[in-house]
1. Looking only at strands (runs of 3 or more DSSP E) that lie completely in the range 8-116, which have at least 2 residues being of a type in the set (Gly, Ala, Ser)?
2. Would you check which residues across the range 31-78 are under 23 Å from Leu9 (Cα atoms) and among the β-branched types (Val, Ile, Thr) and list them?
3. Only one of (1) closer than 20 Å to Gly69 by Cβ; (2) open to solvent by less than 20 Å² (accessible area, probe 1.4 Å); (3) of a type outside the set (Lys, Arg) is not met by Cys11, so which one is it?
4. Is it the case, given these coordinates, that Gln20 is open to solvent by 70 Å² or more (accessible area, probe 1.4 Å) and in contact (Cβ under 8 Å) with a residue 60 or more places away in the chain?
5. Filter the range 79-116 down to the residues that are within 26 Å of Glu15 (Cβ to Cβ), crowded, with 19+ Cβ neighbours inside 10 Å and small (Gly, Ala, Ser) and list them by number.
6. List the residue pairs whose Cβ atoms are under 9 Å apart, where the first residue sits in the range 86-103 and is without any contact (Cβ under 8 Å) to a residue 24 or more places away in the chain, the second is of a type in the set (D, E, K, R), and the two are 6 or more positions apart or on different chains.
7. Exactly one of these conditions fails for Leu82: (1) hydrophobic (A, V, I, L, M, F, W, C); (2) in contact with a helix residue (DSSP H, G or I) (Cβ under 9 Å, 6 or more places away or on another chain); (3) modelled with pLDDT of 95 or more. Give me its number.
8. Quick one: Phe74 ticks every box in (1) farther than 17 Å from Val102 by Cβ; (2) open to solvent by 10 Å² or more (accessible area, probe 1.4 Å); (3) aromatic (Phe, Trp, Tyr) bar one, so which box is it?
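The values are calculated or read from the model by the stated rules, or taken from the named source; none is laboratory data. On a predicted model such as this, the values are computed, not experimentally measured, just so you know. Note that we place each Cβ from the backbone using ideal geometry, even for glycine, and neighbour counts take in every protein chain shown. These area figures cover heavy atoms from the full protein model, side chains too; ligands, DNA and RNA do not enter into them. Shrake-Rupley method; radii C 1.70, N 1.55, O 1.52, S 1.80 Å.
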Amino acid sequence: MPETPQGTLVCKSTEISPKQALRVLIDGYPVAVVKDSMGEIHAIGDTCSHADVSLSEGDVEGCTIECWGHGSQFDLRSGQPLQLPAYDPVPVFAIQIEGEDVYVDTSNVVNGARVL
């Protein structure tokens, strides 16, 4: 018997191009669903830890996303900031892909970052 996907259905994998991010709200919480340069999908908190800026509006390069506000870059796998001025990580959420359906589980923060 197939396992039931965990989390909220947020989009189809085909709706996001490589090096693109999609902002979604899950129970009112902003999440950036990002397809990196290699085509892998990630889900992170959409708000930069340095300022109240949407990360999904930033540039995706390799496995990073850059905040357009002040240039902080975050690793999509770990949520860790790679460039100042941000020094706190953003949450990274568990995702599950079933066919083309992308599910994000905001109750499962895989990097232990604080969810605001």
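1. By residue number, 41-45.
2. Across the range 31-78, the qualifying residues are Val31, Val33, Val34, Ile41, Ile44, Thr47, Val60, Ile65.
3. Every listed condition holds for Cys11 apart from (1).
4. When the stated conditions are applied, Gln20 does not pass them.
5. Passing the criteria: Gly79, Ala113.
6. Going by the 9 Å Cβ cut-off, the qualifying pairs are Gly99/Lys12.
7. Looking at each condition in turn, Leu82 falls short on (2).
8. Among (1) farther than 17 Å from Val102 by Cβ; (2) open to solvent by 10 Å² or more (accessible area, probe 1.4 Å); (3) aromatic (Phe, Trp, Tyr), the lone unmet condition for Phe74 is (2).
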